[in-house]
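Undergrad: This is the structure I have questions about; it appears just below.
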Amino acid sequence: MNKLCRLILFIGFLSWALFQISVASVVSTGDFNKDFFVIWSPTHVNTSDDGHTRSLKLDQDSGSGFASNDMFLFGKIDMQMKLVPGHSAGTVLAYYLSSDQPNRDEIDLEFLGNVTGQPYILQTNIYADGFDNREERIYLWFDPTQDFHTYSVLWNLHQIVFMVDSIPIRVYRNHADKGVAFPRWQPMSLKATLWNGDSWATRGGLDKIDWTKGPFIASFRDYKIDACVWKGNPRFCRAASSANWWNTYTFSTLTSVQNRWYKWVRKYHMIYDYCQDNERFQNQLPMECSLPKY
């Protein structure tokens, strides 16, 4: 094959690769009916006529949930939510990414229902290669039942950042080169579920659901999914490009402003960090606990 032919083939391949990368990123439609499907109890899922708002209901008959039509490998997810108001002890609202594989990867935000007047607890957790035990808990610094707030996940090659109204509340770094598991190969779908977790959710299961306070309803709106849609080839999702902006160096660490907010959250609002639970791990904390978080 002469040089000209090889050059033409290379240019053709490069154009195809760039096209694949460019179509990998998706900005969501904003219509729950188009981007998601109901996975659990359709009668307990209510969507506005224009598809822009949705609610989940939990009662004695059932909980409810929905999931994205697509699966993703890296990106940024934003969802505005208003949590279950009033006496919600025992309820769990979960908003998470999951690969649904036997050795699954998962990025979890779980909102643990509370007794009226008590602050809401947000628990985050990460599964990597089927292993979890990476829980952190914070008290939210506002009443999340009075209005919508934005809950976000930035997931890239470098880190996973959980955010509330753009304030980072948790960072999980990619230390795979040091033997720490990190979600980086399995595509995940986005899910939201509302369910009965009163065996553990509120004060370790001491406060059960009071069904006379139900039905319990959580609301969603104004979501944005800007992520690499899984097409079967991880190379495109792992590329750093204008389409896969989240993988670029700019988003490899927190900014100085984000660092200040992150330290504020951890100093004043954190109530549990698995990396400080020596009793649970019998003084053998997971490896990542001794490595830099930001």
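Undergrad: Could you give the length gained by full extension between ASN103 and THR248, i.e. 0.36 nm per residue of separation minus their alpha carbon distance, to one decimal place?
TA: In short, 49.4 nm is gained.
Undergrad: Let me ask you something else. If you average 1/r across every pair of different Cα atoms in the chain and take the reciprocal, what Kirkwood value do you get, in Å?
TA: Numbers: mean 1/r = 0.0492 Å⁻¹.
20.3 Å is the Kirkwood radius here.
Undergrad: Here's a follow-up. By counting other Cβ atoms within 10 Å of each Cβ, how are GLU110, GLU135 ranked from fewest to most?
TA: On the way: GLU110 19, GLU135 16.
The order, fewest Cβ neighbours first, is GLU135, GLU110.
Undergrad: Translational D (Stokes-Einstein, µm²/s) of region 21-178 at 20 °C and 1.002 mPa s when Rh comes from the Kirkwood sum over C-alpha pairs?
TA: Values: Rh = 17.0 Å.
Estimated diffusion coefficient is 126 µm²/s.
Undergrad: Quick one: Karplus J couplings for region 86-96, per residue in order, coefficients 6.51, -1.76, 1.60, θ = phi - 60°, nearest Hz, x for Gly and Pro?
TA: x, 6, 10, 3, x, 7, 9, 9, 10, 9, 7
Undergrad: Lysines within cross-link reach of LYS82: Cα-Cα under 24 Å, excluding same-chain residues under 8 positions apart?
TA: LYS34, LYS57, LYS191, LYS208, LYS213, LYS224
Undergrad: So what J values fall out for region 60-66 if you push phi through Karplus, 6.51 cos²θ - 1.76 cosθ + 1.60 with θ = phi - 60°, rounded to Hz, Gly and Pro as x?
TA: Once rounded to whole Hz, the list reads 5, 7, 5, x, 6, x, 9.
Undergrad: Next question, about the same structure. Which of these, LYS191, LYS76, LYS231, has the largest mean-square fluctuation under a Gaussian network model of the chain (Cα springs below 10 Å)?
TA: LYS231
Undergrad: What is the fewest-to-most order of TYR95, TYR120, TYR268 by other Cβ atoms lying within 10 Å of their Cβ?
TA: Taking fewest neighbouring Cβ atoms as first place, the list is TYR268, TYR120, TYR95.
Undergrad: Taking all pairs of different Cα atoms in region 154-294, averaging 1/r and flipping that mean, what Kirkwood radius in angstroms comes out? Before the final figure, lay out each step's value.
TA: Numbers: mean 1/r = 0.0544 Å⁻¹.
The answer is 18.4 Å.
Undergrad: Can you list the residues of region 231-274 with backbone N under 11 Å from a point 7 Å past the Cα of LEU285, pointing along Cα to Cβ?
TA: Within reach of a label on LEU285: 273-274.
Undergrad: Quick one: Karplus J couplings for region 259-276, per residue in order, coefficients 6.51, -1.76, 1.60, θ = phi - 60°, nearest Hz, x for Gly and Pro?
TA: 4, 5, 5, 4, 5, 5, 4, 5, 7, 10, 10, 6, 10, 7, 9, 4, 6, 10
Undergrad: To the nearest 20 debye, what is the magnitude of the charge dipole of the chain about its Cα centre, counting +1 on the Cβ of each Lys and Arg and -1 on the Cβ of each Asp and Glu?
TA: 1120
Undergrad: Take the alpha-carbon centre of region 122-196, take the same for region 241-294, and report the distance between them in whole Å.
TA: Cα centroid to Cα centroid, the span is 10 Å.
Undergrad: Picking from TYR172, TYR120, ILE217, whose Cα lies most toward the positive end of the charge dipole for region 25-290 (charges on Cβ: Lys, Arg +1; Asp, Glu -1)?
TA: TYR172
Undergrad: Going from the alpha-carbon gyration tensor of region 194-269, what semi-axes, largest first and in whole Å, does one get by taking the root of 5 times each eigenvalue?
TA: Computed over region 194-269, the values are 37, 22, 13 Å.
Bear in mind these aren't lab numbers, they're just calculated from the coordinates by the rules spelled out. Computed from a predicted structure; not experimentally measured. When we count neighbours, we look across all protein chains shown, and the Cβ atoms used for this are built from the backbone with ideal geometry, even at glycine.
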